[in-house]
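Below is one structure, written out as structure tokens, with a few remarks after it.
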Amino acid sequence: MKQSSDRAATTPRRLDALIIGAGFGGMYALHRARGMGLNAHAIETGDDVGGTWYWNRYPGARCDVMSIDYSYSFSDEIQQEWTWSEQFAAQPEILAYARFVADKLDLRRDISFGTRATAVEYDEDAALWRITTDDGTTFEASYCLMATGPLSVPKQVDIPGADRFGGDLYLSGKWPHHPVDFAGKRVAVIGTGSSGIQIVPVVAEQAAQLYVYQRTPSFTLPMRNRELAPDFIAHIKKYYSDLRASARHSLTGGVRPITYRPLFSVSPAERDELMEGAWQYGGLAFLGLFSDILTNREANEVVAEFVRGKIAEVVEDPDTARRLTPRGYPIFARRPCLDTGYYEAFNRDNVTLMDCLEHPIVEITEKGIRTDQGEVEVDIIIAAIGYDALTGAMLSIDVKGKDGRSLKDKWAEGGRSHLGLMIEGFPNLFVIAGPNGPSALANFILLNEQNVDWVCDCIAHLRANGFRSIEPRLEAEEDWMTKVRELGSRSLYPTANTWYTGANVPGKPRTFPVYIGGLGRYREICSEAAAGGYRDFKLL
């Protein structure tokens, strides 16, 4: 048996297409590839489908995109059979949805779970990719699809002493798959981005004492989640095809209203009324109020000041409210957060805000966390410190293209590609929802669908016309990157220190590798590239 196993491990498995990742992008890629008649297979680090939602099981984990948008559109049968229970779905329901789709499409038979790609190397003579995994398996594939996801590599705790903490230390992005009991415990949450903001209100209700370690205050808006009524669900399902058509050509890939109304085109009284209505309605309604929130700094400051005023209204202690109030960066230049009772949690007697701007964390000790003011003893530490986003997942794999060129070298100054889909010097390597596309500014699932459809249509074109490889021309890649940078520079996004720009990872290049022209325009550009006979690409 041992000899047979060893032979199996060293004999490459030949495929048409290998897909790395079985989140929503990888699942759809596998379905499309199989539907084309390709011999396709996927590998996935987790033990089941779902990608980020397989790992993100922390208390309060919930999507900030509406459920009716954050779901597949390619199958009306799936749309009609699946029913969402809430406007903003919680992690267990999203994971259940991913599993439902996997069952419906019988995807698992072509997925190797618990398998991580360690090396991806191009053989130019054979025109194929050789993929090695952590268990020693080797795949050879004509096409490699990187569906690794933009938010799938959690940052590790880099605070001195973390390895000697005697209690339980959890990463929000790699939460254990068993219940965690906070009752009667002293808990510390490090980080107040989206995950921390969702975690705090839930843990506050259970823990004996909760310490929230905040470095940069976030702007967060009330989610005001609600159950979906049966008549509303029936209405959505009746008109789903129309809603999807509209979403595909919208700015964000959703049905949220948008406007062409600049903020200063309405009176102060009217804009206050509009903002109050958006605050009471909840969700991301603010982003549809004015057209220039993210291009006009003065307009942005008006909205920011309105939200700051709400913090002061909700948080009872004036000093705590002051420290929770964001300043120094534009509202929505960091990914907007939605919460349920976050600011209200700081009115509880068992919740203490620890300001790491005034008193930085010095170290984690055996018993807790020490700042320059002294040590706080805790039983549990939750590190909600975010991800090495957009490029981290691909760079965690040793990817080498033509002439042994490393992707790490190619991306030494930041992620670069053509259309966010392909990389010069890396033929037949396709990227799904990676950097340089709409990425975090769009509905990921519709973006995944669009990317996968483009990739599969491209592969069909290659096979129908006898081409064995495709890669972008260098000048096309440079032109696209110039467009991405120029569009980004017209906005306020690059002015904030965020994971958008890589500022949350020490030593990471500071760029803004996101196309902000909107999903609808991005779809048009990608379609034009294909309809033009792939003129911006080298086809061999």
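The values are calculated or read from the model by the stated rules, or taken from the named source; none is laboratory data. Because the structure is predicted, anything quoted here is derived from the model rather than measured. Every residue, glycine as well, gets a Cβ built from its backbone with ideal geometry; the counts of neighbours run over all protein chains shown. Just so you know, the surface numbers come from the protein's heavy atoms only, side chains and all, with ligands and any DNA or RNA stripped out. Shrake-Rupley method; radii C 1.70, N 1.55, O 1.52, S 1.80 Å.
Packing, taken as the mean count of other beta carbons within 10 Å per residue, orders the peptides 50-58, 397-405, 427-435 from highest to lowest as 427-435, 50-58, 397-405. The calculated P(r) of the stretch 419-464, using every Cα pair and 5 Å bins from 0, goes 5, 23, 29, 24, 13, 6, 1 in percent. Helix 194-204 axis versus longest C-alpha principal axis of the chain: approximately 50°, rounded to the nearest ten. Gyration tensor analysis over the Cα atoms of the stretch 120-187 returns equivalent ellipsoid semi-axes of 41, 14, 11 Å (largest first, whole Å). Assuming a ≥ b ≥ c are the square roots of the Cα gyration tensor eigenvalues, decide whether the stretch 19-81 counts as rounded (a/c under 1.5), prolate (otherwise, with a/b larger than b/c) or oblate. Verdict is oblate for the stretch 19-81.
For the chain, a simple Cβ point-charge model (Lys and Arg +1, Asp and Glu -1, everything else neutral) yields a dipole of about 900 debye relative to the Cα centre.
For the chain, the longest principal axis of the Cα atoms and the long axis of helix 91-105 meet at an angle of about 20 degrees.
Charged side chains reduced to their Cβ positions (Lys and Arg at +1, Asp and Glu at -1) give the stretch 125-282 a dipole of some 280 debye around its Cα centre.
With the convex hull drawn over the C-alpha atoms of the stretch 30-172, the volume per residue is 158 Å³.
Could you state the angle between the C-alpha long axis of helix 268-281 and the longest principal axis of the C-alpha atoms of the chain, as a value from 0 to 90 degrees rounded to the nearest 10? So the helix axis and the longest Cα principal axis differ by about 70 degrees. Here the dipole of the stretch 254-346 is about 460 debye; that uses its Cα centre as origin and unit charges on the Cβ of Lys and Arg (positive) and Asp and Glu (negative). Each Lys or Arg adds one and each Asp or Glu takes one away; over the other residues whose Cβ falls under 14 Å from the Cβ of residue 288, this sums to +1. Normalised by 2.2 N^0.38 Å, where N is the number of residues, the C-alpha radius of gyration of the chain stands at 0.99.
For the chain, the solvent-accessible area works out to 41 Å² per residue, with a probe of 1.4 Å and every protein chain left in place.
When both the stretch 392-440 and the stretch 495-526 are represented by their alpha-carbon centers, they are found 14 Å apart. Normalising by residue count, the stretch 376-456 has a Cα convex hull of 147 Å³ per residue.
Distances between every pair of Cα atoms in the stretch 307-388, grouped in 5 Å steps from 0 to the bin holding the largest one, split as 3, 11, 18, 21, 22, 16, 8, 1 percent.
A simple rule links phi to the HN-Hα coupling: the Karplus curve 6.51 cos²θ - 1.76 cosθ + 1.60 with θ = phi - 60°, which for the stretch 447-457 gives 5, 4, 4, 4, 4, 5, 4, 4, 4, 5, 5 Hz, with x for Gly and Pro. Global size of the stretch 437-540: 15.6, 47 Å for Rg and Dmax (C-alpha atoms, Rg to one decimal, Dmax whole).
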